[in-house]
Amino acid sequence: MRLVPITSEAPRPAAPLGIRPLEWADLKPKRILDFDIETIAAGFADPQWVPQKITCVAWSWVGQDVAHSRVCGPAGIFGNPERRARMLIPLLNAIAAADMVTGHNILRFDLRVLNAECMRLRLPVVSRVVVEDTMRLPRSTGFKKGQDVLGRLLRLEREKLALNWQEWQDAYDERGWPQVRERAESDVLMHKEIRAELKALGYLKPPVEFRA
């Protein structure tokens, strides 16, 4: 029999699976990576579960003005998965070199989709990383958290490239997918400004640790 110590402290609410709360005092991040992925639906065998394949990745270090991006091209989606692997490796290396990563909704989407792709492609997964997600804002009702809405609310000059349904189709028909890359890069550069503004306002919740 194992004895369990009794404590008078109130129990803490359980953290979501794979996410551990951290105190900012625990962290002194020096290299912060902002990243984003673009995806397309890739199959409908189960209407309740649509797998996503990554078409483009973009990233930028906080404190730098340049954004980097890679695409896999049409063959990387169907027929030549090695191209998708080559696209992901630079981003995976950057994440491994970062003290913390940041993005919009990356805890629920980007990191999980990225790991799914890594397993399909037999690449190392992101097993553990400190995350500052700009979706983690104070609880509220009637407050839209989309990145475009936050950018307008914060009166930012920079915007990400807006594409409607047909423009996305046209972008994927272009050779080299320049608009897809521009979309991802603009998303990352805009997000860095959003993060800075939210932190200045004191709205961002503390970083958490993501574990695969």
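Couple of notes before you dig in:
- Scanning region 203-212 for residues that are under 14 Å from residue 136 (Cα atoms) and outside any loop (DSSP other than H, G, I, E, B) turns up 208, 209, 210.
- Selection status of residue 102, surrounded by 14 or more Cβ atoms within 10 Å (Cβ to Cβ), of a type in the set (Ser, Thr, Tyr) and not in a helix (DSSP H, G or I): yes
- Only one entry in 162, 184, 200, 196 is under 21 Å from residue 39 (Cα atoms), small (Gly, Ala, Ser) and part of a helix (DSSP H, G or I), namely 184.
- Within this structure, residue 113 fails the test of being closer than 23 Å to residue 206 by Cβ, of a type outside the set (D, E, K, R) and surrounded by 14 or more Cβ atoms within 10 Å (Cβ to Cβ).
- Those residues of region 25-77 which are among the acidic types (Asp, Glu), over 18 Å from residue 172 (Cα atoms) and within 14 Å of the chain's Cα centre (by Cα), in sequence order: 34
- Residues in region 187-212 that are surrounded by fewer than 20 Cβ atoms within 10 Å (Cβ to Cβ) and without any contact (Cβ under 8 Å) to a residue 60 or more places away in the chain: 7 in all.
- Test result for residue 200, modelled with pLDDT under 95 and over 22 Å from residue 78 (Cα atoms): no
The values are calculated or read from the model by the stated rules, or taken from the named source; none is laboratory data. From a predicted model like this one, the values you see are computed outputs, not experimental measurements. Cβ atoms come from the backbone with ideal geometry, glycine included; neighbour counts cover every protein chain shown.
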